[in-house]
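Remarks on the structure that follows.
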Amino acid sequence: MKEVIYVSLDIQRLKDKYGNLTRRYAKEEYINIQPIQRGGLLTPEAKRVLLEFGDGYSVCDYCTKGKLVNIKKPPIVDFLADVATFMGMDVVRPTAGSRMAQYVIFNVMTEKGDTVILDSTAHYTTYLAIDEAKLHHKEVPNNGYPEFKINEDDYATKIEEVKKETGTLPTLVFVTHVDYSCGNIVNVKKISKICQDYGVPLVLNGAYSVGIMPVNGKELGVDFLTASGHKSMAASGPIGLLGMQEKHSEKILEAASIKGEWSGRQFLNKESHFYGCPPVYGLPIITLMASFPRVVERSQPEAWKEEVKKVKYFVQEIERIESVKVLGKRPKEHPLIQIETPAFYEVSKTHKRKGYFLSESLRKKKVVGVFPGSSKRFKINIHGLSWEKLNAVISAFQEIARENNIPIN
Ligand SMILES: *Cc1c(COP(=O)(O)O)cnc(C)c1O
């Protein structure tokens, strides 16, 4: 007999459909090179806390102050101080991702109708945050195919343009540290020097850099630094971080000012722009904390140097396949890599699986993460792969080339 609840949902069907979810990408025997996932792969320490902290609001057992950032058990207070040191910022607040951090900054630090400057390689979330804050904007151009490179000096040109056109300086300058498309790394110091000369606050989006490479906000001279836990800090997420200089903290951390018009109720201990408590009160912040020691370790200059070495080696080996070209600035340094593969695209035209042949052939060789259906241009991420696994990935691509009569130089 079927058990049916009042909205006519068949419970057995629901159990069959949702009760046994599995995921190939998480299986031990596969190497995952998915472009947005590699930096968010959990550490063994983070995996260990999944069950105990999986329940909703699991960090709130000993919340005595009614505020997530004041919780001492688990040690969120200490963690935020340590993560501030790590990011080289005075104050850090957890958010629901780099996107929420950007949203808060643009909405709090500007007035409707202000003008801001951003790079033309920024993530869509930057554009949306600017739109939500009802701002005008000006883009710093990039040099297009195949480098898509930003010229840091153009920030000065754009600031001058805004000054000339509006009579005032832009309210904020926004820089994407590593762009999501080609993984180009921008020279932040050059831009912060320009911003300091003009006295315009600088926001740095470290979604693809904080937790992957050395990033110190103070050293770089930025006013704000955003990070993404699920993108680059080995956290299950959704979690991000908003780092700020002390001088901006009063505004950003403003207490809620509303008073119930009938009840007189107030919420003075709640930080208004963070929904009182940011929505990370369980696995998001716990996995971020559990992974933090290893994230600090892997972001040290020596560890990063080794990553860059692997990137350069990968680029050299993958480009040995006829027609294959890695896009972006050279020398390539960041493990997020966009690859153009005209020869694979040619194969797809006559292959019975069309463009799916590439992701499916890779899967047979235990490599997952190339977007299903893409064979012309796609992104991968090799961050944190051992040399052995890196070579396995290279071999997989080269073998697929050989199987399809594509020469390897
Ligand atoms: C992925 C990405 C984001 C979004 O990060 P979330 O933490 O998911 O909000 C923002 N900016 C850049 C440059 C990104 O690559």
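The values are calculated or read from the model by the stated rules, or taken from the named source; none is laboratory data. Computed from a predicted structure; not experimentally measured. All Cβ positions, even for glycine, are placed from backbone atoms using ideal geometry, and neighbour counts span all protein chains on display. What goes into the accessible areas is simple: the full protein's heavy atoms, side chains included, and nothing from ligands, DNA or RNA. Shrake-Rupley method; radii C 1.70, N 1.55, O 1.52, S 1.80 Å.
Looking at the stretch 346-366, can you tell me whether even one residue there is touching a strand residue (DSSP E or B) at 6+ places or on another chain (Cβ under 7 Å), in a loop (DSSP other than H, G, I, E, B), touching a residue at least 12 places away in the same chain (Cβ under 8 Å) and closer than 17 Å to residue 212 by Cβ? Checked against the condition, which is being touching a strand residue (DSSP E or B) at 6+ places or on another chain (Cβ under 7 Å), in a loop (DSSP other than H, G, I, E, B), touching a residue at least 12 places away in the same chain (Cβ under 8 Å) and closer than 17 Å to residue 212 by Cβ, the stretch 346-366 yields no hits at all. If you check 272, 257 for being in contact with a helix residue (DSSP H, G or I) (Cβ under 8 Å, 6 or more places away or on another chain) and of a type in the set (Ser, Thr, Tyr), only one passes: 257. Report whether or not residue 7 is over 22 Å from the mean Cα position of the chain (by Cα), β-branched (Val, Ile, Thr) and within 29 Å of residue 292 (Cβ to Cβ). Against the criterion (over 22 Å from the mean Cα position of the chain (by Cα), β-branched (Val, Ile, Thr) and within 29 Å of residue 292 (Cβ to Cβ)), residue 7 does not qualify. Residues in the stretch 237-266 that are open to solvent by less than 50 Å² (accessible area, probe 1.4 Å), touching a residue at least 40 places away in the same chain (Cβ under 8 Å) and over 19 Å from residue 206 (Cβ atoms): 253 alone. Taken together, 332, 325 contain a single residue that is modelled with pLDDT of 95 or more and either open to solvent by 30 Å² or more (accessible area, probe 1.4 Å) or in contact with a His (Cβ under 8 Å, 6 or more places away or on another chain) (or both), which is 325. Can you name every residue in the stretch 216-247 that is in contact with a strand residue (DSSP E or B) (Cβ under 7 Å, 6 or more places away or on another chain), within 13 Å of the ligand (Cβ to nearest atom) and of a type in the set (Gly, Ala, Ser)? Correct list: 227, 228, 229, 232, 240.
Report yes if some residue within the stretch 359-370 is within 22 Å of residue 178 (Cβ to Cβ), buried (at least 19 other Cβ atoms within 10 Å of the Cβ), at pLDDT 95 or above and of a type outside the set (Phe, Trp, Tyr); otherwise report no. Scanning the stretch 359-370 turns up at least one residue that is within 22 Å of residue 178 (Cβ to Cβ), buried (at least 19 other Cβ atoms within 10 Å of the Cβ), at pLDDT 95 or above and of a type outside the set (Phe, Trp, Tyr).
Against the condition surrounded by fewer than 20 Cβ atoms within 10 Å (Cβ to Cβ) and closer than 30 Å to residue 391 by Cβ, how does residue 317 come out, does it pass? In short, yes. Here residue 232 fits the description: open to solvent by less than 10 Å² (accessible area, probe 1.4 Å), hydroxyl-bearing (Ser, Thr, Tyr), at pLDDT 95 or above and out of contact with any His (no Cβ under 8 Å at 6 or more places or on another chain). One residue stands out among those in the stretch 42-66 that are open to solvent by 70 Å² or more (accessible area, probe 1.4 Å) and touching a residue at least 24 places away in the same chain (Cβ under 8 Å): the one that is nearest to residue 292 (Cα to Cα), which is 48. Scanning the stretch 31-73 for residues that are among the aromatic types (Phe, Trp, Tyr) and under 26 Å from the mean Cα position of the chain (by Cα) turns up 53, 57. Counted as qualifying within the stretch 95-182 are the helices (runs of 4 or more DSSP H) with 2 or more residues that are within 16 Å of the ligand (Cβ to nearest atom) and open to solvent by 70 Å² or more (accessible area, probe 1.4 Å), namely 98-109, 124-132. On the basis of being of a type in the set (A, V, I, L, M) and within 16 Å of the ligand (Cβ to nearest atom), does residue 200 make the cut? Here the answer is no, as residue 200 does not meet what is asked.
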